[in-house]
Structure formats: C-alpha cells, structure tokens
Amino acid sequence: MVHSDIEDDVWANSDSEEQVAYERNLAEKEWERLQEDHGNTGYKEGIVEGKEVNMQKGFDRGYAEGLVIGKAVGRLRGMVSCQIIYYRQMLKNEEAAQELDALFDEIDKIEVNHVYSVDYFRDAATYKEDYVAPEAFVQQLEEKVNSTLTRVSEKYHC
C-alpha cells in the first residue's frame, strides 16, 4: 500500500476530470436551488402585493358605495325623526308621533347585512329570487317613508 502524500492529503489540489465534474455538479445544484428559492420568494411577494392592491380597490369601492347608502338612510331617518318631534312637541299629537315611532324604529334597526346581503357579493346569475340591490333597498325605504309621512299628515290634517 504505497500512497503518495498528495493522494492522502484531503486539501490537496486536484485537476482531475472527476473533481471538476463533481464541483460543476455542485455549482449547478446550488444555482438551481438559488433560482428556486428566489423564484418562490418573488412569487409569494407578488401574491401578497396583488392581494393588497385588490383589497385596497375593494375597500375604496365599498367605502364609496356604503357612504352613498348610509347618507340616504340617515337622511330618511332624520326626516322621520323631525316629524316625530314636530307631532310630539309642536302639535302635541302623541298618536301621530307613535305611528312614526314605529317607522323610526324600523329604520334604526337597519344594519349593513340588511342592505348588503350575501347575494350582493355573488355573481348576478346566482342571485336568489328575493335579492334586493342596495339602491333598490333605499328606494323602497324612501317610498315607504314618504307614503307614511303623507298618510300621517293627511290622517291628522297637518
């Protein structure tokens, strides 16, 4: 068993084809791993960025739509409230005020999920039969408020 010192030396330089192929193989695997890692990181960052952009757009749209609906419902609530005060305090007509109290309570109980039901977020083709769009909901409420105020006014000759 005769070995030269160079063959036994682990740290010795070797230019053999086998060593070069081994190192090339290691470098290629490392390159592939780095590409995959960076590709995965970039993909994940892109997904997060895309979600943030879309969520912001959705929030902006929802805020604008909700503001319009909220203002309309608030205006109707204010109209009924003023009429209740008018009948109760100015005309001392408690019966008329109580009729309007019921309408006020109905408006006061309106919540977001009453206006924006689950169907609002679905495709129009999958809406349920009884779905009412937010704008139609407000329009129906406005018609109810106006007809009730007119009826009470006519009933009590005001």
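The values are calculated or read from the model by the stated rules, or taken from the named source; none is laboratory data. It should be emphasised that the depicted structure is a prediction, and the values quoted were computed from it without experimental measurement. Glycine also receives a Cβ, built like all others from the backbone with ideal geometry; neighbour counts cover every protein chain displayed. We work out accessible area using only protein heavy atoms, side chains counted, and drop any ligands, DNA or RNA first. Shrake-Rupley method; radii C 1.70, N 1.55, O 1.52, S 1.80 Å.
Values as computed for the structure displayed
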quantity: Using θ = phi - 60° and Karplus 6.51 cos²θ - 1.76 cosθ + 1.60, couplings along the range 117-134 (whole Hz; Gly, Pro as x); calculated: 6, 4, 4, 4, 8, 8, 5, 4, 5, 10, 4, 6, 4, 8, 5, 10, 5, x
quantity: Cα-based equivalent ellipsoid, the range 92-158: semi-axes from gyration tensor eigenvalues, Å; calculated: 33, 12, 7
quantity: Cα-based reach from Lys92 at 27 Å (exclusive), listing lysines while leaving out same-chain residues under 8 positions away; calculated: Lys109, Lys144, Lys155
quantity: Set of aspartates and glutamates near Lys44 by C-alpha distance (under 17 Å), chain-local residues within fewer than 8 positions excluded; calculated: Glu36, Glu52
quantity: Area projected by the alpha carbon convex hull of the chain, averaged over all directions, nm²; calculated: 20.0
quantity: With DNA, RNA and ligands ignored, accessible area of Leu34 (1.4 Å probe; Å², nearest 10); calculated: 60
quantity: Relative contact order computed over the chain (Cα-Cα under 8 Å; 6+ residues apart), in percent; calculated: 19
quantity: Phe121-Ala136 pseudo-label distance in nm [points 7 Å out on the Cα-to-Cβ vector]; calculated: 2.0
quantity: Computed FRET value (nearest 0.05) for Trp31 with Met55, which takes r as the C-beta separation and R₀ as 35 Å; calculated: 0.45
quantity: Label-point separation in nm, His157 to Glu95, each point 7 Å along Cα→Cβ; calculated: 1.2
quantity: His38 accessible area, assembled protein chains, probe 1.4 Å, Å²; calculated: 130
